[in-house]
Every structure is written in C-alpha cells, then in structure tokens.
Protein chains: 2
Amino acid sequence: MSTGTAVLSPTELLEHWQGLRNLSRRVIEIFPDAHLFTYSIGNMRPFALLAGEMIAIAAPMAREIVSGQSVPYADYEATSKAELLARWDEATAELNEWFAKVPPERFGETITVFGQYTGTVWSHFFYAIDNENHHRGQGYVYLRALGVEPPPFWERGASSAA
Amino acid sequence: MSTGTAVLSPTELLEHWQGLRNLSRRVIEIFPDAHLFTYSIGNMRPFALLAGEMIAIAAPMAREIVSGQSVPYADYEATSKAELLARWDEATAELNEWFAKVPPERFGETITVFGQYTGTVWSHFFYAIDNENHHRGQGYVYLRALGVEPPPFWERGASSAA
C-alpha cells in the first residue's frame, strides 16, 4: 500500500479490537452463571461456546500470521466462567504480543490461515473482529431474553473488575 | 499516518463494508414478511428497525464527513420489506458515492458526526461497521428462533436477486 492510502495503523487496529474485546469480556462477566454454558435460542450455541470461538480465533490467528506455522482451527471450551475469563485474559496478552510482531508491510500479503482460509492479512483480522461483533451481538439477545441488561455497545473500556 | 503503517486502503475498507452490507441485505430478504416489523426477543427492536438504523448511519455519516454539514441522527423506518430493500439499495449507491469523496488523508482526522459523536474518521466508519455486525448477528438469532436458516456469515456476495 502506498503513502496516503492508510485508513489506520496496525496499532490503531489492535487498540480498536482490544476495546471490542473488553466489551466481549464484559458480556461473559455479566452472563448468569446458570445459563452461560447452557442457554440457547433456536438451537444456537450457548454464549460460552461463542466466546470460546473468539478465543480460538484471535491469538492463534495472530500467532500463525507471525510464525507461518499452520495449525488447524480448534474450538476452545471452558468448563467454568472463571476459567473462561482467565483464558480470555491470557488471549488478550497473547494477541498484543503476536499482533505487534506483524510487520506493517505484511497487512496486504495474501496468506492461508488455519490451513484453509485464504485472504490478505488485514482481511483475516477483520474477519476475526466482524465475527466477534456478530457473536457478541447474539449474546446480547440471550441476555435480553434472560432479563439481563447488556453493557452499552459503545463502551469499550476494560471491565469494572480490571 | 506515515508510509508503511497502512493496514488497508480506503477502497479496500469500502469493498469490505459493502460485502458485509450485502450480507445484511440478504438477512432482510430472507426475513419472513410476517415477522420483519414485529418479531422481537427480550423487548428488543424488530429487525426492520435494526436494519433501518444501519441505513440511518452509513450513507448519512459518509455524507456528513464529506460535506462537513452536521445533521442530527434520524432513525429510518420503512413500512414494507420492498420499501426497506429499495432504500437499502439507494443507500448502497450513496455510500459508494460519498465514501469515494473522502480524501485518504482525512481518515486520521478527528471530527464530530451527527452533532455529538467525536472521533477519527476511520473510527466513525468502524463504528458503523461494528454496529451493523452487532445488529445483523441479532437478526440471525431472530431467524433461528423463527426456524429460518440465515445466510452463511462468511458469504459476502450480492444477494441471489442481484
């Protein structure tokens, strides 16, 4: 990409994503324990599995982009909210670490990740972000159906616990 | 933004967004007419209003970024699926037109849109995209709850009708 065509920098993209990830984390936190692993609408996956997918994509994808070592996609399934949140926080640190190692000139490079998805580096990261928004939005419906007020979509700060 | 820090170009961002908008359009198309304006879970808005919000943000935001003329945010409410789809397609053309007029060097500029939201130009566009993914994902839950299979999330081409 040439001078003057930059929409945003890698650092800005990472900060934006981590803001959205803070919001996803708050949805996990606020989700009633009794429903996090079981509640479903229309036979969809419970929110613990949707959040597990976010974890299974973000840091592993960034690691693979840096290392070039293909690792098949593997779902992550926690067994408790505490475990899910702890793994989420590890993933936050891993994503920061690996994302920072992607040279800026590689964002336009076309590569295959998880052994089967081919696209530019930026499009892989965008897929991860779009997919997280998609599934977090679904979590909002679960929460509303359960009578729980979700966090405001526009708030991107760390959770109250952080 | 300096050379070498470009994640993607404005043209790539627009194409990515329009791919996501194709997907949103397909959700409108496939939504059962009897439920598009009425079906709700957890007292949330029906999908016609969520799609109306997408329309009320995308092209008006791009127009305001180009013109500098502040116009308050105004919800869009269609009265039929046909009207909603026709307005969607007008918005697609308007977004292409206005987005192309944003000079690349303005993406990092901090501005206020709709008279109250302040951030960089890129962050405004990202908000629109993130918000659309969020609400379209909610539409997927409505469809699943209604027993309708939504379009695959990873498909971004125009609808079968186009």
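Since every read-out is calculated from the coordinates, none of them should be taken as a lab result. Everything numeric here is computed off the predicted structure, so don't read it as measured data. FYI the Cβ positions are ideal-geometry reconstructions off the backbone, even for glycines, and counts take in every protein chain you see.
Among the residues of segment A:139-153, is any touching a Lys or Arg at 6+ places or on another chain (Cβ under 6 Å), within 29 Å of A:GLY42 (Cα to Cα) and more than 7 Å from chain B (Cβ to nearest Cβ)? Yes, segment A:139-153 has at least one match.
Just one of the listed residues (B:ALA51, B:ALA58) is closer than 23 Å to B:ARG106 by Cα and in contact (Cβ under 8 Å) with a residue 60 or more places away in the chain, and it is B:ALA58. Mind listing just one residue for me: the one in segment A:112-138 that is more than 9 Å from chain B (Cβ to nearest Cβ) and surrounded by 13 or more Cβ atoms within 10 Å (Cβ to Cβ) and, of those, farthest from A:VAL27 (Cα to Cα)? Ranking the qualifying residues of segment A:112-138, first place goes to A:GLY119. Residues in segment A:105-162 that are part of a helix (DSSP H, G or I) and among the acidic types (Asp, Glu): A:GLU105, A:ASP130, A:GLU132.
Count of segment A:19-34 residues, restricted to those that are within 13 Å of chain B (Cβ to nearest Cβ) and in contact with a helix residue (DSSP H, G or I) (Cβ under 8 Å, 6 or more places away or on another chain), is 5. Of all residues in segment A:122-160, those satisfying the criterion of being more than 16 Å from the chain's Cα centre (by Cα) and of a type outside the set (D, E, K, R) are A:VAL141, A:TYR142, A:LEU143, A:ALA145, A:LEU146, A:GLY147, A:VAL148, A:PRO150, A:PRO151, A:PRO152, A:TRP154, A:SER160. Which residue is surrounded by the most Cβ atoms within 10 Å (Cβ to Cβ), if the candidates are limited to segment A:54-107 and must be within 14 Å of chain B (Cβ to nearest Cβ) and in contact with a Phe, Trp or Tyr (Cβ under 7 Å, 6 or more places away or on another chain)? Here the residue is A:ALA62.
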